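Supplied in structure tokens, the structure appears directly below.
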Amino acid sequence: MTKALIRSLNRRGTQSDKTPPVARKQKFNDPSICQRCGAVYTEKTWRRGRRLTGEAAAKAKWVTCPGCAQAAAGEYYGQVLIDVDDTVDRNAILARIRNVERRAMITQPERRIVATNWGGKTLDILTTSQKLAHRIACEVEKAFGGVVHFSWSDDDGALLATVKIASSKMKLRKRAKSA
Ligand SMILES: [Zn+2]
């Protein structure tokens with residue numbers, strides 16, 4: 001079986017040392033530029049929107065950053081399940097989530113959303129990192145109300161966050177809007 005196939009069958013990855021993939025050490029040339037997302041690696045960190053001088057840009061290596069590699073492999077270490085009822089604006093939730101991702105990616109390009117899928121009244125979000133899943137769950141709870149629950153896997157430390165958005169909380173939101 002090829003590595004890629006094994007990975008696609010076991011999407012959460014199979015690390016025995018419980019180190020999240022975002023923390024895995026990989027050596028990159030300083031500077032490097034991600035050919036997929038344009039993030040720049042220098043001084044041991046990946047950043048989006050970083051500018052290189054002409055000289056630095058000339059010697060930069062084109063690589064695939066850890067976030068893009070993980071997203072391409074479908075590897076995820078965070079999952080958020082959001083249960084909604086009919087009163088909830090689904091597009092508003094998605095927009096909120098993308099906004100959280102966008103902000104996280106400025107400083108941490110390796111933290112990103114791998115996939116979002118609606119299954120009935122549940123939105124299933126997979127992220128490359130536990131921290132992004134955690135932040136998404138908290139932001140959704142803050143914006144839409146609801147009950148959040150977190151559980152970490154004993155196997156690899158992956159985070160499952162569930163948010164149940166209760167319609168009663170929507171009233172609070174409406175009141176805040178009109179205030
Ligand atoms: Zn990238």
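Taken together, the values in this text are just the output of simple stated rules run on the coordinates, not laboratory data. Fair warning: this is a prediction, and the values are worked out from it, not measured in the lab. Reconstructed Cβ throughout: ideal geometry from the backbone, glycine too, with neighbour counts over all protein chains shown.
Based only on other Cβ atoms within 10 Å, what is the fewest-to-most ordering of S129, S153?
Neighbour counts put them in this order, fewest first: S153, S129.
Ok, one more. How much length, in nm to one decimal, is gained on full extension between V147 and W62, taken as 0.36 nm per residue of separation minus their Cα-Cα distance?
Between V147 and W62, full extension yields an extra 26.3 nm.
Give the Cα extents of region 22-126 along the principal axes, in whole Å, largest first.
Extents along the principal axes, in whole Å: 55, 23, 18.
How large is the direction-averaged shadow of the alpha-carbon convex hull of region 89-166, in nm²?
Approximately 5.2 nm², given one-decimal rounding.
On a full-extension model of 0.36 nm per residue, what is the gain between D86 and K121, subtracting their alpha-carbon distance, rounded to one decimal in nm?
Residue separation times 0.36 nm, minus the Cα-Cα distance, leaves 11.8 nm.
If you don't mind, there's one more thing I want to ask. Using the Cβ atoms and a cut-off under 11 Å, what net charge is assigned to the surroundings of G67, where Lys and Arg are +1 and Asp and Glu are -1?
+1
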